[in-house]
1. Taking the convex hull of the Cα atoms, report for the chain its projected area averaged over all directions, in nm².
2. Taking a cut-off of 17 Å between Cα atoms, list the lysines near residue 293, but don't count ones fewer than 8 places away on the same chain.
3. Measure off 7 Å from each Cα along the Cα-to-Cβ vector at residue 58 and residue 14, then give the distance between these two points in nanometres to one decimal.
4. Can you check what the net charge comes to around residue 305, using other residues whose Cβ is under 9 Å from the Cβ of residue 305 (Lys, Arg +1; Asp, Glu -1)?
5. For residue 446 and residue 31, compute 0.36 nm times the residue count separating them, minus their Cα-Cα distance, and round to one decimal in nm.
6. Calculate, in nm to one decimal, what residue 402 and residue 224 gain on full extension: separation in residues at 0.36 nm each, minus their alpha carbon distance.
7. State the volume of the convex hull built on the alpha-carbon positions of the stretch 11-174, expressed per residue in Å³ and rounded to an integer.
8. Using a 10 angstrom Cβ neighbour count of at most 10 plus a DSSP loop assignment to flag exposed GluC sites (Glu not before Pro), which longest range of the chain is free of such sites?
Amino acid sequence: MNNFIFYNPTRLLFGEGMIAQLPVQIPADKRIMVTFGGGSVKTNGVYEQVTKALEGRDYTEFWGIESNPDISTLKKAIEQGKEKNIDFLLAVGGGSVIDGTKLIAAGICYNGDAWDLVKKGSAQDTIPLGTVLTIPATGSEMNNGAVISCRETHEKYPFFSQHPVFSILDPTITFSLPDFQIACGLADTFVHVMEQYMTKTNESDLMDRWSESILRTLVQIAPQIKENKQNYRLMSEFMMSATMALNGFIAMGVSEDWATHMIGHELTALHGMTHGQTLAIVFPGTLRTLADKKRDKILQYGERIWGVTSGVPSVRLALTIEKTEEFFKSLGLKTRLDEAGIGDDTIEEIARRFEERGVAFGEDGDVTGEVARRILQNCKSIQPSTPAEENGMKTVVLASFKSDVRAHMLQDLLKNEGIECMLQGEYTAQVMSYLSGMEIKVTVFEKDYARAFEILKAAFPEKV
Ligand code: NZQ
Ligand code: ZN
């Protein structure tokens, strides 16, 4: 384990009805400003619960903190906060409202332009803030980070200041979330874990297992949530997974990457793409590009999360990356730049920006503009070559099956003859079995095709 300092003072209040605890959490003499997003809280009962809990208290409201909070909106809130001598902030919303409120908390104590604080990257002087979280995703409810945008200049940067004093997590609040926001929240949580896990092996077994427990929980609950998004138990698991994924716990003593996030932020800054959606596109590309460097950790992850235990390492790498992409697809997200209508000009602009800023990310600080370019090139729809293919081993589809049992039978028969074989789309077919037309492809190396075809013909004559 590497040296570290861990500090997390946020008090969590978890469970149905916990908004009623607000008066106990905010000292009675505080002049409060409550910050909100675009209005979802007015349709799901959260606003009523908050105002009821604050009855008799000295508070004002600030509305309109948008997704990817914009500096111009936040400046207005800072002005209002200064005018009214606000000394406590209550953010009621998702990551955007909470992040924006973290900047407001610092801006109220600052005499200059609040964008300077963002460019500087951090602030010490703040007024306290509490949160009522409405969407599991960012972990902002229990960390000291924020990400602030400037639409005018198409920029988006991280900013660090204080942890919330408390955060209220009531899973019933999430019942009103649209499917797309749930998908983006699941993807964001998954990639937060990956940024702290998909780095080096043997730094900490404990942290690895802790991260893997969150990943496995997400993989388990995601298809169930799709079927029933108003299930208290499932949404509780989701909420706590998101909080635990980015509150500093799984980062203790281990390396961190964050290249996927920094590239994703540029896609949002340039195209307004939703945060979780950017990650579902970029992360598989990061794995493809850095498969050699991250090889041992990908193999560990493939084995422990996806059960990829057989085959030569190059095949296991390819299969694990494919399963990761299939997972994002199963959430209903896009996984390629072309699907989002994004082309080479954006790739070049992001590489240029990284170079111009002189930044480099990743656990070894080597994801430069040039590497970001390669990652983004590997996010295009043209199927990039797998590590096995790069070694001159082209793969071809031998047969497709609706049933995973039959696909596995063929796989076993081929294995008995010493023929390496991969199953593609297995995960999607399993979790989306209610969709007709989902098939599992059995793929072999081209050099083995003739022999494999004979085995297919003998075992499944209807397939030839
Ligand atoms: O604005 P309203 O009307 O409330 O609607 C929101 C918004 O449109 C809606 N929503 C939220 N809770 C709801 C709901 N709709 C129905 N029912 C509910 N219970 O969902 C939409 C998205 O909300 P937003 O706050 O933007 O989502 P999220 O929590 O994903 O936050 C995204 C922002 O957080 C940053 C992202 O970059 C992005 O700017 N991040 C912050 C991090 C941090 N502070 O540590 C880390 C992350 O990696 C991320 O970068
Ligand atoms: Zn994120």
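Only the coordinates and a few stated rules stand behind these numbers; no lab work does. Since the structure is predicted, the reported quantities are computational estimates derived from the model, not experimental observations. Reconstructed Cβ throughout: ideal geometry from the backbone, glycine too, with neighbour counts over all protein chains shown.
1. Averaged projected hull area, Cα only: 22.5 nm².
2. 200
3. Spacing of the two 7 Å Cα→Cβ label points: 3.5 nm.
4. Spelling it out: positives minus negatives among the neighbours equals +1.
5. 142.3 nm
6. Gain on stretching residue 402 to residue 224: 62.0 nm.
7. Value for the stretch 11-174: 97 Å³ per residue.
8. The reported range is 153-464.
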